[in-house]
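Step one of this worksheet: look at the structure below.
The values are calculated or read from the model by the stated rules, or taken from the named source; none is laboratory data. As the structure is a computational prediction, the values presented were derived from the model and not from experiment. Using ideal geometry, Cβ is built from the backbone for each residue, glycine included, and neighbour counts are taken over all protein chains shown. Just so you know, the surface numbers come from the protein's heavy atoms only, side chains and all, with ligands and any DNA or RNA stripped out. Shrake-Rupley method; radii C 1.70, N 1.55, O 1.52, S 1.80 Å.
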Amino acid sequence: MENETQMTEYLKSFAGIEDGQIVTGTVVQLNNEFVLVDVGYKSEGRIPVNEFIELPQIGDKVNVTIIKKEGSGGQVIVSKKKAEAKERTEVLKKAAEEKTPILGKFIKVIKGGYEVDLGADYKGFCPLSKADVNRVEDPESLIGKTDYFIIDKFHAGQKLKSVVSRREYLEKKIQENKDQFFKTVQIGDVVEGEVKSFTSFGAFIDLGGFDGLLHINDMSWGHVSRPKDFVKKGQIVQLRLINIDPETQKINLSLKHMEADPWTSFEQRYQVGDVITKPVTKITSFGVFIEIEPGIEGLAHVSELSWTKKINNPKDILNIGDVVSAKILGYDLDKKRVSLGLKQLQENPWDTITERYPLGKVLKAPVVKVTNSGAFIELEDGIDGFLHIDDVSWTKKIKNMDQFCKVGDVLEVSISKVEPEHRRIRLSVKALGGNPWQTLKKDYPKGSLITGTITSVTDFGVFVKVIGDIEGLISKFNLVGPDEEYKDEVLESYKSKIGEPVTAMVVDINPQTQKLNLSIKEMIRKSQESEMAKYMADDKEEEDTYNPFADMLKGKTEN
């Protein structure tokens, strides 16, 4: 009778239990197969151990779903997994209605997107375009990543019908972060971010889904040529906020402002004339940059590298990383510039150039360059002299310098002019011998008769080569006597006389302009005058004796 009463009481305890109901039980016993849970109705439910990720301890509370009530056996069949699924259903449903983020995990790439584990065997579909705020280049890169999603469409079944969006959650989160950033930070604050990408003008820093710009000019107080020399992609950096504009949403960051500006105390450490020994950091066509100290670079212009060598490209003599000594020539703190010189630490060969190359010094040296107007001749390393085409010969007319010499030829020359202030040296070949023009002027002054050889005939006269290979000109109007009329036939007749000798009078000779003018007309005139003078002299001698013929001739002359 007592047993029947106990059984009746036990069965009555099931009266309040419904299939599918979620109840909280207490773990009372466990073995290798089951976990026994007291659900509070004088009955224990058994849960297979494989429903637990981590086995509970006796006394732990566990939510379970009542699957089936058994009367005679006296046991209740429960399921922890179904309880979790039912609870998750409510959570997901509420999240979909209220658009609140829900945790999920990318587990598989499928056509058009991803399969996402939403928990309790719920799967959602996330389109590829909604997986991230940026284009996903490698879909596999997100597999295994856990993050929050917004449920766009929810389906309570286990099939993959729920549609979720991680992008919507990220955009909302980014905007919240951005609003908070603009609301709380001030210029001068230090912020932390991750180097996201590079451009030619700097780097973009991820500040929590939105970017700030680290401009190339704000990376260092010194010269910056490559942003990647100062920060690396993916690097977490602390930067100072130097500008912020809520309207345009622009954020400017600075790495160099994390330290004091070394230019403000430059004059405390350096003065004009100081010598620094530092590495070359950059080489350009116009000079080299040398790091004076971190944040401060100086420029040694190409013209300040050598006293004598013409350097077309500094790379020919220096490499990046070379440690060189240089003198501070000047600086401009406003423009943050320092001028350096390397040659100032070497002796200037032009200071003593006149001692080594006095006027008139004769030497032999090689031709290193030929131009239309002359040739450069190397006197010593880095110092060339210039031989002008007019200084080759006193008499020969050279049209192109390469007719006289070629690169590599060794010439004997004389120093004719030295200009240290302009770094110029003039050379001469013709000065090695006497000036034939001066000799000619001395030996054949104006009015002298000179014999030469006809060399050429032009429209304006006849050229005659005389002593010393000097050419003189007889103009066409000076080819005939004073009493003769010039005709073109006269000039034409001289073309057949080239190479023949001819005698003429010197009417003008100028060694400076190297011009010699000759005249047959003046020669004949002078000859006639001489004859007349002789005749008159003879007539005077005969005045003392009677000479009827002379008197008659004299009368004719007077008439």
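Ignoring ligands, DNA and RNA, what percent of the accessible area of segment 291-441 is carbon or sulfur (1.4 Å)? If you can, show how the numbers build up before the last one.
On the way: 3910 of 8430 Å².
Of the solvent-accessible surface of segment 291-441, carbon and sulfur hold 46 percent.
Extents of segment 110-266, taken as max minus min of Cα coordinates on every principal axis and listed largest first, are 73, 31, 25 Å. With the charge dipole of segment 293-346 set up from +1 on Lys and Arg Cβ and -1 on Asp and Glu Cβ about the Cα centre, the Cα lying farthest toward the positive end among the listed residues GLY330, TRP307, LEU342 is that of TRP307. When a/c reaches 1.5 or more, the comparison of a/b and b/c decides; with that in mind, is segment 364-503 rounded, prolate or oblate per its Cα gyration tensor? Prolate shape, in that a/c is at least 1.5 and a/b is the bigger ratio. Over segment 75-196, all Cα pairs binned in 5 Å intervals from 0 give whole-percent P(r) values of 2, 10, 18, 19, 15, 11, 9, 7, 4, 2, 1, 1, 0, 0, 0, listed from short to long.
For segment 210-257, give the percent of accessible area contributed by carbon and sulfur heavy atoms, probe 1.4 Å, rounded to a whole number. Don't skip to the end; give the middle numbers.
Values: 1160 of 2560 Å².
Ligands and nucleic acids excluded, carbon and sulfur give 45 percent.
Between the C-alpha center of segment 111-185 and that of segment 78-99 there is a gap of 19 Å. Each 10 Å bin, from zero up to the one with the longest distance, holds this percent of the alpha carbon pairs of segment 331-436: 14, 40, 24, 11, 8, 3, 0.
For the chain, the per residue solvent-accessible surface stands at 59 Å², with DNA, RNA and ligands left out and a 1.4 Å probe. What relative contact order, as a whole-number percentage, does the chain give when Cα pairs under 8 Å and 6 or more residues apart are counted? Once divided by the residue count of the chain, the mean separation gives 5 percent.
Apply the a/c threshold of 1.5 to the C-alpha gyration tensor of segment 461-511 and tell me whether it is rounded, prolate or oblate. It comes out oblate by the Cα gyration axes. Sorting SER254, SER265 by accessible area puts them as SER265, SER254; the probe is 1.4 Å, largest comes first, and only protein heavy atoms count. A 1.4 Å probe, protein heavy atoms only, puts the accessible area of MET536 near 100 Å².
Site pair ARG226 and GLN249 shows an inter-label distance of 3.3 nm when each label is modelled 7 Å from Cα along Cα→Cβ. Note on SER325/ASP351: beta-carbon distance plugged into 1/(1 + (r/R0)^6) with R0 of 22 Å gives a FRET efficiency of 0.65. Given a 1.4 Å probe and the protein chains as shown, ARG226 ends up with an accessible area of around 130 Å².
Between ASN510 and LYS309, the distance separating the two model label sites (each 7 Å from Cα on the Cα→Cβ line) works out to 4.8 nm. Between the alpha-carbon centres of segment 222-281 and segment 501-532 there is a gap of 84 Å. With N counted as the residues of segment 74-142, its alpha-carbon radius of gyration over 2.2 N^0.38 Å works out to 1.43.
Taking the three principal axes of the alpha carbon atoms in the chain, the coordinate ranges are 214, 58, 45 Å, sorted in descending order. Model label sites at TYR486 and GLU176, defined 7 Å from Cα along the beta-carbon direction, differ in position by 10.9 nm.
Free of any chymotrypsin sites (Phe, Trp or Tyr not before Pro) that DSSP assigns to a loop and that have at most 15 other C-beta atoms within 10 Å, the longest stretch within the chain is 287-459. If you bin every alpha carbon distance in segment 420-543 into 5 Å steps from zero, what whole percent lands in each bin? Computed distribution, short to long bins: 2, 10, 17, 17, 15, 11, 9, 6, 5, 3, 2, 1, 0, 0, 0, 0.
When +1 charges are put on Lys and Arg Cβ atoms and -1 charges on Asp and Glu Cβ atoms, the dipole computed for segment 263-375 relative to its Cα centre reaches about 560 debye. Protein heavy-atom surface of segment 445-517, 1.4 angstrom probe: 49% of the accessible area is carbon and sulfur, with nucleic acids and ligands not counted.
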